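The values are calculated or read from the model by the stated rules, or taken from the named source; none is laboratory data. The structure displayed is predicted, hence computed values, not measured ones. Reconstructed Cβ throughout: ideal geometry from the backbone, glycine too, with neighbour counts over all protein chains shown. We work out accessible area using only protein heavy atoms, side chains counted, and drop any ligands, DNA or RNA first. Shrake-Rupley method; radii C 1.70, N 1.55, O 1.52, S 1.80 Å.
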Amino acid sequence: MNLEVIKRQNEERKKLFKRAVLAGAFAAAGVVLSVVSIPMGPTKCFPFQHTINVLAGIILGPWWAVGAAFTTSVIRNLMGTGSLFAFPGSMFGALFVGLAAKALPERYNVCAACAEPVGTGIVGAWVGAKVLGPIIGKGIGFLFFSGSFLMSSVPGAVIGALLVYCLQKRMVLTRTFGAMI
């Protein structure tokens with residue numbers, strides 16, 4: 001191999017490592033911030049998880065954000081502070097934000113936060129009602145899940161959008177995270 005190929009491979013490894021560490025930090029923040037919850041029937045809504053989803057989706061992209069949301073959900077379930085509904089309630093919102101952030105020009109990243117309630121409140125609620133509900137023996141409908149997930153995801157997405165807006169205003173998002181990832 002020539003030296004240029006080796007340098008490029010090392011840069012790719014560094015980039016991958018930095019993204020993994022940042023995804024882990026987002027997952028850890030999601031677990032730590034899970035002290036704020038809104039119990040809604042069989043679900044527990046965590047507005048700060050949706051804030052983390054917005055930040056992770058915009059900064060890391062869709063797949064790393066989903067990984068961070070999945071990791072947070074696993075840890076919460078292992079700790080007994082979450083439910084199975086944490087998986088669709090967080091992962092689809094993170095995915096939609098990441099996809100929206102990729103599709104939009106960088107200066108409109110704040111608008112990607114609007115995708116979080118869509119992913120969580122519509123797709124995540126549908127999966128929770130149609131897939132997970134029958135598995136655990138709860139016959140709760142889509143509207144219940146949608147309402148409870150939206151009560152959590154809308155405020156969380158607004159907080160996330162405000163944080164992204166402030167970071168963009170200060171150019172921290174581009175300078176710090178852009179250089180890092």
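One entry in (i) 0.94; (ii) 1.32; (iii) 1.03 is Rg/Rh (Cα atoms, Kirkwood Rh) calculated from the shown coordinates; its label is (iii). Distant-in-sequence amide contacts of G82, defined by a placed amide H-H separation under 5 Å and a gap of 5 or more residues or a different chain, comprise N77. Note on M171: accessible area approximately 100 square angstrom, rounded to 10, probe 1.4 Å, nucleic acids and ligands left out.
Of I52, I159, the residue with the largest accessible area leads and the full order is I159, I52 (1.4 Å probe). Among K18, K7, K169, the order of accessible area from largest down is K169, K7, K18, computed with a 1.4 Å probe on protein heavy atoms.
Computed over protein heavy atoms with a 1.4 Å probe, the carbon and sulfur contribution to the accessible area of the chain reaches 71%.
In the chain, the calculated helix contribution to ellipticity at 222 nm averages -21500 deg cm²/dmol per residue, counting -39,500 (n - 2.57) for every DSSP H run with n ≥ 4. A 1.4 Å probe run over the protein chains yields, for the stretch 1-158, 49 Å² of accessible area per residue, whole-number rounding.
Taking the Cα centre of the stretch 26-147 as origin and assigning +1 to Lys and Arg Cβ atoms and -1 to Asp and Glu Cβ atoms, the resulting dipole is close to 160 debye. Here's how it looks for C45: its modeled amide H is under 5 Å from those of I38, M40, which are all 5 or more places away or on a different chain. Helix 86-103 and the longest principal axis of the Cα set of the chain meet at an angle near 40°. For the chain, a Gaussian network of Cα nodes joined below 10 Å ranks V158, V54, V21 by mean-square fluctuation, and the top entry is V21.
For the stretch 69-82, backbone phi angles converted through the Karplus equation (6.51, -1.76, 1.60; θ = phi - 60°) give residue-by-residue couplings of 5, 4, 4, 4, 5, 4, 4, 4, 5, 5, 7, x, 9, x Hz, Gly and Pro being listed as x. May I ask you to derive the relative contact order of the chain, considering only C-alpha pairs under 8 Å and at least 6 residues apart, and to give it as an integer percent? Relative contact order of the chain: 24 percent. With θ taken as phi - 60° and the Karplus curve 6.51 cos²θ - 1.76 cosθ + 1.60 applied, the whole-hertz 3J(HN,Hα) list for the stretch 112-118 is 5, 4, 5, 6, 5, x, 5 Hz, x standing for glycine and proline. Extension gain for the segment L162 to A103, taken as residue separation times 0.36 nm less the Cα-Cα distance, is 19.3 nm to one decimal.
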